[in-house]
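Scroll down for the structure; my scribbles are underneath it.
The values are calculated or read from the model by the stated rules, or taken from the named source; none is laboratory data. In this text, all values refer to a predicted model and were calculated from it rather than measured experimentally. So basically every Cβ, Gly included, is an ideal-geometry build from the backbone, and we count neighbours across all protein chains shown. Note: accessible area is taken over every heavy atom of the protein model, side chains too, but ligands, DNA and RNA are not part of it. Shrake-Rupley method; radii C 1.70, N 1.55, O 1.52, S 1.80 Å.
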Amino acid sequence: MRAKGTIIKLAISIDLPSGLTMDDVDFQCRFFVFSASQVIEKSQMVRINENNYSCYVDTKIIGSGEIWLETTAYLPDSDYEGGTRVEVDKMNTGIKTV
């Protein structure tokens, strides 16, 4: 458990189709608890390497509770209108704040 009001550094890695790296796609992460959220764009993250980025989640913004992560990735795909397929994935981070 973490105290509300702390900054949590997290590493982000997205499972992408073969041949794509995180450098190749635009994405954003929304960290949230029941009542509030913080959205972090790729441009606000720190690049570790082509398949890993890190970001800082401020629990003053999202409040207390179990922290969930919703990642939205914009993948190049010529079969979709505009040439981009949007994929959204949601998972529990396993982090709780009080």
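When K60 is tested against (1) more than 16 Å from the chain's Cα centre (by Cα); (2) closer than 27 Å to T97 by Cα; (3) in a loop (DSSP other than H, G, I, E, B), exactly one condition is not met: (3).
Among the residues that make up segment 29-48, is at least one of them within 30 Å of R2 (Cα to Cα), among the acidic types (D, E) and surrounded by 13 or more Cβ atoms within 10 Å (Cβ to Cβ)? Walk me through it before giving the result.
So the first thing to find is which residues in segment 29-48 are within 30 Å of R2 (Cα to Cα), and the list is 29-48.
From the residues that got through so far, the ones that are among the acidic types (D, E) too are 41.
Now restrict to residues that are surrounded by 13 or more Cβ atoms within 10 Å (Cβ to Cβ): none.
There is no residue in segment 29-48 that is within 30 Å of R2 (Cα to Cα), among the acidic types (D, E) and surrounded by 13 or more Cβ atoms within 10 Å (Cβ to Cβ).
Residues that are open to solvent by 80 Å² or more (accessible area, probe 1.4 Å) and in a loop (DSSP other than H, G, I, E, B) were ranked within segment 14-28; the one that is modelled with the lowest pLDDT is S18.
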